[in-house]
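Below you'll find the structure, written out as structure tokens, and then a few comments.
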Amino acid sequence: MLEVQNATKRFGGLVAVNQASLKAAAGAITGLIGPNGAGKTTLFTLISGFEKPSEGRVLFEGQDISRDEPHVRARRGIARTFQIVQPFAGLSVLENIAVGAHLRHAKRSDAMARAERVGQRVGLGPELEKSASSLTVAGRKRLELARALATEPKLLLLDEVLAGLNPSEIRDIIPVIRAIRDEGVTILMIEHVMQAVMNLCEQVYVLAQGRIIAEGPPADVCDDPKVIEAYLGAGAAERLKREKIHA
Amino acid sequence: MTFRDIVPIIVLITLLAFVPVFITANTVLNFLVFTLIIALAAQGWNILGGFGGQFSFGHAAFFGTGAYAAALLQVRLGINPWIAFAIGAVAGAAVGWAIGYLSFRSGLRGSYFALVTLAFAEVLRILANAAAFTGGAAGVLIKLDVRPENFQFESRGAFFWIALALVGAVLVLTRWIERSRFGAQLVAVRENEAAAKALGVDTLRVKLGAITLSGAVTAAAGCLYAQYFLYVDASIAYGTWISVEAILAPIVGGLGTVFGPLVGAVALHGLSEITKLAAGSVPGIDLMVFGGLLVAAVAFAPEGILGLLRRSAQAKGAARHA
Amino acid sequence: MYSPAIIAEAVVNGLMTGAVYALIALGLTLVYGVLHIINFAHGALLTAAMFAVWVVYEALGLDPYLAILPLTPLFFGMGYAVQRFVIGPASHGNDSNILLVTLGLSIAIENALLAGFRSDTRTLNTDYGFQIVEFGPLLLSKPRLIGFGAAISVTVLLWLLLSRTDTGKAIRAVAKEKFGASLVGIDVAHVYAVTFGLGCACLAVAACLLMPTFYVNPRIGQAFVLVAFTIVVLGGMGSIPGALLGGLFIGVVESLCGLFLGDSLGQIGIFLIFILVLLVRPTGMFGAKA
Ligand SMILES: Nc1ncnc2c1ncn2[C@@H]1O[C@H](COP(=O)(O)OP(=O)(O)OP(=O)(O)O)[C@@H](O)[C@H]1O
Ligand SMILES: [Mg+2]
């Protein structure tokens with residue numbers, strides 16, 4: 001479905017993404033994890049078209065889309081959420097979602113009907129008529145998800161939709177994400193909440209300092225010494241192993 | 001958009017259409033026609049500024065283009081004024097598209113967009129003031145020849161009806177925008193451009209559509225002005241006064257609403273007549289009040305008169321329920 | 001063809017006008033750099049300052065150069081109050097509101113002046129208004145030469161104020177990172193108002209320097225403010241050296257355009273530069289970041 005080939009993104013002297021390659025298999029949930037500032041969000045901006053790669057390519061359904069504008073990619077079927085939520089603050093929740101629904105529905109009534117269904121589905125039913133700016137953090141994350149979903153994407157890019165939610169809110173939303181996958185939407189998600197990653201993802205990529213340093217099923221990746229070091233610093237894997245032996 | 005959406009517009013316009021039957025005083029009709037022309041120009045601004053959130057400070061560029069096109073096409077080329085009128089609106093659309101293409105493609109927004117539109121209007125003003133074709137500083141006089149096929153009428157009532165019909169047509173257009181995909185996307189661009197892009201909105205195209213429509217409507221107001229006063233010069237057509245009027249009316253009436261520009265134009269010009277009566281013929285006093293009102297509106301009534309009315313209606317409703 | 005002497009004179013005249021333009025633009029760019037707003041009332045405030053110069057000259061016989069002493073603090077205080085009590089509270093911290101509030105202020109001030117002074121154009125009759133200084137082969141107007149020197153000095157003073165004093169440090173801190181500045185105890189609303197006051201003080205000085213050779217009417221500010229916007233955009237929004245260089249450059253461009261295109265079309269050069277810079281490089285020609 002999606003393939004990123006040796007993508008590099010430089011901001012001036014800073015290399016935010018460095019020769020990164022990944023694949024998201026159709027119909028699966030793929031995870032992208034890594035420490036803060038690793039370049040995960042930047043990689044998403046390359047896939048969704050908000051930034052163009054300095055080097056490398058982005059392929060979607062076999063076609064090179066590296067130079068397409070974001071709205072063209074959305075039409076092809078790529079939808080993203082924003083880590084820093086970006087609601088249309090002056091509009092109601094329903095109208096927010098309807099903007100997404102309009103991508104595939106020209107008629108206002110169709111778009112509104114579609115938006116309402118999507119809103120119900122992600123659990124925003126009681127809030128549809130409220131102003132988007134009145135939503136809680138959890139509500140805004142759901143709104144991000146709902147808007148993206150309303151565009152009827154083939155590939156959904158989720159950027160930390162669980163961050164800032166409490167455990168019970170996380171428990172509520174995980175089945176929603178799984179159900180979206182079950183309908184055939186391919187998902188690529190950035191996530192720090194490891195419990196969710198273990199629970200949802202079939203395949204995980206680990207990004208550190210712009211490079212993909214590991215990939216595989218979540219359980220394997222978490223044991224990878226390179227990954228532990230990336231998160232906890234050099235020598236951490238050794239220390240952990242020694243501690244295990246001593247214990 | 002359904003028929004029900006435009007019922008209030010039809011009712012309002014029908015009621016207003018009876019005004020010339022009851023009021024025949026020339027000064028009052030003059031005031032009403034002028035106010036409607038301003039309302040029309042402001043409706044144009046509201047499409048781009050109110051719905052699209054792109055604040056132009058140079059809508060004189062469109063108003064003036066319409067006014068000069070209407071005047072010059074008939075005076076210099078002998079084209080029928082009705083046709084000149086239509087061409088004038090199209091010219092406004094073209095200028096709108098061109099300014100929009102240049103500025104939106106360069107990513108100008110916010111104050112930068114306001115500044116660049118201001119500068120475009122000034123360039124046009126200087127050119128119109130200097131070129132021989134436009135009559136230079138002396139301006140263009142349209143010859144008096146009172147015949148309906150010549151877009152000149154015996155009674156001011158006829159002009160009132162034409163202006164009213166145009167305002168009504170734009171009310172319907174604005175209602176359509178409000179109820180359409182184009183409108184939803186335009187508002188999305190106003191609220192958050194990045195989010196709109198992510199949802200598949202071609203933001204450049206949407207903004208260009210808005211500025212083109214906006215230019216056409218404001219240019220139509222300019223055409224009407226030229227035809228009514230039978231005279232145009234650079235400081236009238238491309239002057240900052242009309243840019244300011246076009247901004248003020250929607251903000252005072254209700255930004256990004258269908259009726260806001262009309263309500264605002266009527267309120268402002270009503271108020272301006274009252275201050276003139278109260279303060280005598282001191283120049284600038286009415287505009288001074290306008291300026292203060294703009295500050296006050298932004299500070300205390302960000303949703304304009306319509307917002308205030310809605311809120312007081314809600315408060316009353318709540319009181320009744322309690 | 002024009003002789004080199006005429007062109008040289010036009011360039012020098014342009015530089016002299018340009019320095020005063022720079023001073024006007026300085027206020028604008030300072031406010032932009034710190035508050036990140038475009039102050040549309042700048043032109044109207046300049047007009048008000050010019051009328052103030054005219055009034056103290058006519059009523060009290062105060063020489064325009066001496067008027068710098070009372071008018072600069074007066075306008076500083078007025079600017080402080082306008083930002084602190086009108087623009088700040090009225091705009092609720094929203095950018096497009098600020099745009100509209102300053103536009104409203106500009107309309108109100110300009111028309112209040114029109115109501116008070118009517119639309120007549122007024123000048124000062126100083127005895128040095130037409131004095132000439134010989135400078136090699138060039139004949140230069142003495143008051144404009146003074147204006148040039150004073151405008152450059154004020155720019156340098158302002159530069160020192162910003163880089164050397166504690167107030168300057170606070171202003172620069174707020175310009176960079178207002179949230180951080182508020183965390184270390186800087187009163188952001190106060191710094192905003194001080195900055196706005198400084199911008200208005202620049203206008204008061206500029207008005208005093210302009211009036212001996214220029215005239216005033218209620219609409220005069222519009223002409224200057226567009227030029228000032230051009231300079232600010234050209235020099236890079238928020239950059240003081242940019243404003244100075246931009247001002248000198250625009251002064252020369254205007255003077256040369258006037259020479260080659262005549263008075264009525266002369267102004268167009270400025271606007272075309274303005275539009276081009278905005279479209280091509282809105283961060284300014286002299287590299288300062290917006
Ligand atoms: N537009 C930009 N210009 C300059 N630098 C940027 C830009 N966007 C991101 N960066 C830098 O690139 C690096 C990677 O940032 P990115 O947001 O992609 O990290 P991340 O993995 O998403 O981190 P987090 O887990 O905190 O969200 C950071 O150092 C960031 O400062
Ligand atoms: Mg991130």
I need the fraction of alpha carbon pairs in the protein assembly as shown separated by more than 54 Å, rounded to a whole percent.
21 percent
Euclidean distance between Cα centres, region C:27-95 to region A:112-153, Å:
48 Å
Across peptide B:108-116, what mean number of C-beta atoms from other chains lies inside 10 Å of a residue's C-beta?
6
Ignoring ligands and nucleic acids, B:Trp97 exposes an accessible area, probe 1.4 Å, in Å² to the nearest 10, of 120 Å²
Output the peptides B:35-45, A:74-84 sorted from most to least packed, where packing is the average of other Cβ atoms within 10 Å over each peptide's residues.
B:35-45, A:74-84
Separation of region C:99-155 and region A:83-106 by C-alpha centroid, Å?
52 Å
Using Cα springs under 10 Å in a Gaussian network model of chain B, which residue among B:Gly264, B:Gly96, B:Gly284 shows the largest mean-square fluctuation?
B:Gly284
Per the helix-only model, chain C has a calculated mean residue ellipticity at 222 nm (DSSP H runs of ≥4, -39500 (n - 2.57) each, divided over all residues, rounded to the nearest 500) of -24500 deg cm²/dmol
At the nearest 100 Å², what buried accessible area, both sides summed, do you get for C and B when the probe is 1.4 Å?
3300 Å²
So for chain C, what percent of the C-alpha to C-alpha distances run longer than 31 Å?
26 percent
Between B:Arg320 and B:Leu141, with labels modelled 7 Å along Cα→Cβ, what's the label distance in nm to one decimal, could you check?
5.9 nm
Give me the percent of the accessible area of region B:197-282 that comes from carbon and sulfur atoms, probe 1.4 Å, all protein chains in place.
68 percent
Report, in deg cm²/dmol and to the nearest 500, the calculated mean residue ellipticity at 222 nm for chain B, where each DSSP H run with n ≥ 4 adds -39500 (n - 2.57) and the sum is divided by the residue count.
-25000 deg cm²/dmol
Amide H contacts under 5 Å for A:Ala214, placed H, 5+ residues apart:
A:Val206
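Can you give the accessible area per residue of chain B, in Å², using a 1.4 Å probe?
Working: 12380 Å² over 322 residues.
That works out to 38 Å² for each residue.
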Sequence-distant residues sharing a close amide H with A:Met189 (under 5 Å, placed H):
A:Thr30, A:Gly31, A:Leu32, A:Leu158
With Cα atoms, 0 to 90° folded angle of helix C:220-235 axis to chain C main axis:
70 degrees
By average C-beta atoms within 10 angstrom, highest first, the peptides B:163-171, B:181-189
B:181-189, B:163-171
Mean shadow of region C:106-236, computed from the convex hull of its alpha carbons, in nm²?
11.1 nm²
For a label point 7 Å from the Cα of C:Leu276 along Cα→C-beta, name the residues of region B:108-134 whose backbone N is under 13 Å from it.
none
Asked for the total accessible area buried by A and B (1.4 Å probe, Å², nearest 100), one would answer 1700 Å²
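Based on the mean of other beta carbon atoms within 10 Å per residue, what is the order of C:180-192, A:117-129, B:58-70, most packed first?
B:58-70, A:117-129, C:180-192
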On the accessible surface of region A:78-152, probed at 1.4 Å with all protein chains in place, carbon and sulfur together account for a percent value of 52 percent
Taking amide H positions as placed in the peptide plane 1.01 Å from N, state which residues far from A:Leu135 in sequence (5 or more) or on other chains have amide H under 5 Å from it.
none
Give the percent of DSSP beta bridges with both residues in chain A that are antiparallel, rounded to the nearest 5.
55 percent
Using only atoms on other chains, find how many Cβ atoms lie within 10 Å of each Cβ of peptide B:289-302 and report the average.
6
Which lysines does C:Lys176 reach when only Cα atoms under 30 Å apart count, and residues fewer than 8 places away in its own chain are ignored?
A:Lys9, A:Lys40, A:Lys52, B:Lys197, C:Lys289
Over chain A, what per residue volume does the convex hull of the Cα atoms give, in whole Å³?
128 Å³
Connecting every pair of Cα atoms under 10 Å apart in chain C and solving the GNM, the largest mean-square fluctuation among C:Asn94, C:Asn13, C:Asn217 falls on C:Asn94
So what is the relative contact order of region C:85-204, in percent, for Cα pairs below 8 Å that sit 6 or more residues apart?
11 percent
Round to the nearest 10 and give me the degree value, 0 to 90, for the angle of helix C:42-60's Cα axis relative to the longest principal axis of chain C.
60 degrees
Most fluctuating of A:Lys130, A:Lys52, A:Lys154 in the GNM of chain A (C-alpha, under 10 Å) is A:Lys130
How large is ³J(HN,Hα), in whole Hz, for each residue of region B:226-240 in order, when computed from phi with the Karplus curve 6.51 cos²θ - 1.76 cosθ + 1.60 and θ = phi - 60°, using x for Gly and Pro?
4, 5, 7, 8, 6, 8, 9, 9, 5, 6, 7, 5, 10, x, 5
Region A:78-152 - accessible surface per residue (Å², probe 1.4 Å)
38 Å²
Centre separation in Å (Cα based) which lies between region B:21-80 and region A:179-207:
57 Å
Just checking the output field for A:96-103: average partner chain Cβ neighbours within 10 Å of each residue's Cβ?
6
What do you get for the angle between helix C:4-35 and the principal long axis of chain C? Use alpha-carbon atoms, 0 to 90 degrees, nearest ten.
10 degrees
How long, wide and thick is region C:46-124, going by the Cα atoms along their three principal axes, in whole angstroms, largest first?
43, 28, 13
What percent of all Cα-Cα pairs in region B:49-168 falls in each 10 Å bin, counting up from 0?
12, 36, 31, 18, 3
Counting only DSSP beta bridges fully inside the protein assembly as shown, the antiparallel percentage to nearest 5 is 65 percent
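The values are calculated or read from the model by the stated rules, or taken from the named source; none is laboratory data. Quantities reported herein were computed from a predicted structural model and do not represent experimental measurements. So basically every Cβ, Gly included, is an ideal-geometry build from the backbone, and we count neighbours across all protein chains shown. Accessible surface areas use protein heavy atoms only, side chains included; no ligands, DNA or RNA. Shrake-Rupley method; radii C 1.70, N 1.55, O 1.52, S 1.80 Å.
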